[in-house]
Structures are given as structure tokens and as C-alpha cells.
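Report on the structure given below.
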Amino acid sequence: INWQIASRLAPGRIAVDWIGGTKFLASQGEAGVTGNVYCGLSDFEEMSFLLHFLRKEDTFADIGANAGIYTILASGVIGAKSVSFEPVPATYRRLLANIAINNMEDRVSAYNQALGSTTGEILFSDSKDCMNRVVLDSSAKDVIRVAVSQLDQTISQPITMIKLDVEGFEKSVLEGAGQTLANPDLKALIVELNGSGAAYGHTDDEVIAQLTEHGFEPFTYMPFERRLQSQTDAAARPPNLIFLREQSWVESRLVSADSIIIREMSL
């Protein structure tokens with residue numbers, strides 16, 4: 001109720017106090033952000049996994065960063081370094097504002113570009129908030145041109161964990177990230193798989209195959225138990241999957257992580 005009243009009366013975005021002394025800027029209707037106002041963590045299992053897995057010495061890649069909620073968790077709460085990619089200029093400015101309000105400039109490198117299998121330019125929607133995506137139809141409305149490059153060509157430092165949420169374009173992003181995927185420093189990915197890749201001619205199973213070829217296996221996470229559950233049943237597949245290699249090494253990190261306080265609850 002407080003949020004509904006304040007978001008209607010405030011002249012701009014509101015700074016919302018969040019986990020570990022961090023903040024994020026939000027206004028009414030920003031679905032990719034306001035879920036954290038209501039739920040504490042909008043992607044509860046996946047965000048909890050990040051908080052339990054990452055360490056300060058790690059580097060996190062936020063691909064499809066939107067306003068930077070995952071970046072705030074990685075660099076604001078944990079203190080890890082982040083490389084964050086958001087192609088839509090207006091959304092990128094929101095990302096920069098959230099980096100600034102949390103004083104994370106020394107830990108976050110933000111890129112106003114898309115990632116894919118090629119280098120150059122690509123068409124992108126810019127009026128769908130967190131659902132903005134690559135557009136194949138050049139005659140579509142509300143379309144802009146944005147820079148696109150391969151992840152392997154953009155960054156050189158080893159990545160420990162990736163969050164990949166690009167509204168169905170995951171296969172192309174992974175095609176441009178072969179060296180990153182092959183690097184043994186990369187231990188975990190959170191990937192959105194909800195069938196939206198069909199718009200670009202591929203299935204979720206093809207994305208899973210790309211990752212299993214590099215030694216990653218799909219899991220879900222039970223935060224209160226700090227326990228991983230193997231996820232191989234396609235019929236019961238959730239919209240987000242956590243892909244891991246060196247499962248026992250990851251599990252040792254999860255159980256030894258400090259507790260996180262969320263809404264006066266210890267996680």
C-alpha cells in the first residue's frame with residue numbers, strides 16, 4: 001500500500017532501500033524492478049543462489065542487465081566486480097543511475113550494447129520495459145539500432161558467473177561466448193528459458209545442449225536448505241535454470257556463505 005501511494009505521488013523514481021544497505025530506483029509500472037519491492041527478491045531462488053555463491057574476488061557478467069538489479073546484488077551486496085550489458089539507451093541510463101546511487105562505479109563496467117554471435121548493429125525494441133528484445137522485422141514500430149558484439153571480443157577478464165536474460169536471444173549470445181564458456185573459471189550461469197527463442201528459430205533444448213557441451217548441467221536451488229536439485233525433466237522445467245560445472249565445489253561455496261538478511265529473514 002505504501003508503495004502504491006508513494007509511486008503515484010512522487011514526481012520521479014523513488015530510491016527503495018534494499019538488501020545489505022543497497023538501494024534501487026523504481027517507479028510505478030517498471031515490472032522488471034518493482035517485483036523486488038513486493039517480494040524482496042523478484043527471482044527468489046536464482047537471486048538467492050547468486051548471494052550464496054558469489055564472493056568479493058569474483059567477476060559477474062550481467063547480460064541483459066535492464067536496470068541492474070542483479071548487478072546491485074553482485075557488486076553492491078557481495079562486492080564482486082560486474083560487467084553489465086544493456087543495449088537500450090533509456091534503460092542503460094537507469095542502470096547507470098543504480099550504479100551511482102550505490103557507489104559501485106569502481107566495481108562495475110557498464111556497456112550500452114547488445115551481445116550476440118556477430119559484431120556490428122542490430123535492431124532492438126525500446127518500448128517494452130524489461131521485455132525489450134532483438135527485432136528481426138525492420139518495419140516494426142518502436143525499433144532502434146544498437147551496437148552488438150561478441151562477449152569474447154568485449155571482455156578479456158575471467159568470468160565466474162553469468163546471468164543471461166535476453167528474451168529468447170540466448171543461443172546467439174552463447175555462440176559469441178565460446179572462449180568464455182570454455183574457461184574453467186566460469187562455474188555458473190543463470191539462464192532464462194521460457195520458449196521465447198522460437199522467435200529466432202531455436203528451442204530451449206538447443207540452448208541447453210550448447211551449455212552441456214561445455215560441461216554445464218542444469219539445476220534449481222532451494223535457498224533455505226542451501227541445496228541444489230538436478231533439473232533434467234523437460235516437462236517440469238522452470239523458466240529460469242542454473243547451469244553449473246564442478247558441482248561439489250559450488251556446493252561447498254553455497255553452504256559456507258554468510259547469511260543474508262531479507263525482510264528481517266535470515267537466508
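Descriptive notes on the structure:
- Some residue of segment 101-124 being open to solvent by less than 30 Å² (accessible area, probe 1.4 Å), hydrophobic (A, V, I, L, M, F, W, C) and assigned to a helix (DSSP H, G or I): no
- Selection of segment 176-194 for residues being within 18 Å of the chain's Cα centre (by Cα) and not hydroxyl-bearing (Ser, Thr, Tyr) yields 176, 177, 181, 186, 187, 188, 189, 190, 191, 192, 193, 194.
- Qualifying residue in segment 51-74 (condition: farther than 16 Å from residue 160 by Cα, open to solvent by 30 Å² or more (accessible area, probe 1.4 Å) and not in a loop (DSSP other than H, G, I, E, B)): no
- Taken over segment 38-47, the residue count meeting the criterion of being more than 13 Å from residue 72 (Cα to Cα) and either basic (Lys, Arg) or surrounded by 20 or more Cβ atoms within 10 Å (Cβ to Cβ) (or both) is 2.
- Qualifying residue in segment 18-32 (condition: crowded, with 24+ Cβ neighbours inside 10 Å and either in a loop (DSSP other than H, G, I, E, B) or out of contact with any Pro (no Cβ under 6 Å at 6 or more places or on another chain) (or both)): yes
- Spans of strands (runs of 3 or more DSSP E) in segment 127-204 with at least 2 residues open to solvent by 40 Å² or more (accessible area, probe 1.4 Å), at pLDDT 95 or above and out of contact with any Asp or Glu (no Cβ under 6 Å at 6 or more places or on another chain): none
- Test result for residue 77, surrounded by 18 or more Cβ atoms within 10 Å (Cβ to Cβ), β-branched (Val, Ile, Thr) and closer than 30 Å to residue 152 by Cβ: yes
- The numbered conditions (1) touching a Lys or Arg at 6+ places or on another chain (Cβ under 7 Å); (2) under 27 Å from residue 134 (Cβ atoms) are all true for residue 254 except (2).
- The set of residues from segment 214-226 being exposed (fewer than 12 other Cβ atoms within 10 Å of the Cβ) and in contact with a helix residue (DSSP H, G or I) (Cβ under 9 Å, 6 or more places away or on another chain) comprises just one member, 224.
- Hits in segment 227-242 - residues which are under 16 Å from residue 54 (Cα atoms) and surrounded by fewer than 18 Cβ atoms within 10 Å (Cβ to Cβ): 227
- Of the criteria (1) β-branched (Val, Ile, Thr); (2) within 24 Å of residue 112 (Cα to Cα); (3) in contact with a helix residue (DSSP H, G or I) (Cβ under 7 Å, 6 or more places away or on another chain), which one residue 34 fails: (3)
The values are calculated or read from the model by the stated rules, or taken from the named source; none is laboratory data. Nothing here was measured: the structure is a model prediction, and the numbers come from that model. We place every Cβ from the backbone using ideal geometry, glycine too, and count neighbours over all the protein chains shown. Ligands, DNA and RNA are stripped out before the accessible areas are found, and what is left, the full protein with its side chains, is counted by its heavy atoms. Shrake-Rupley method; radii C 1.70, N 1.55, O 1.52, S 1.80 Å.
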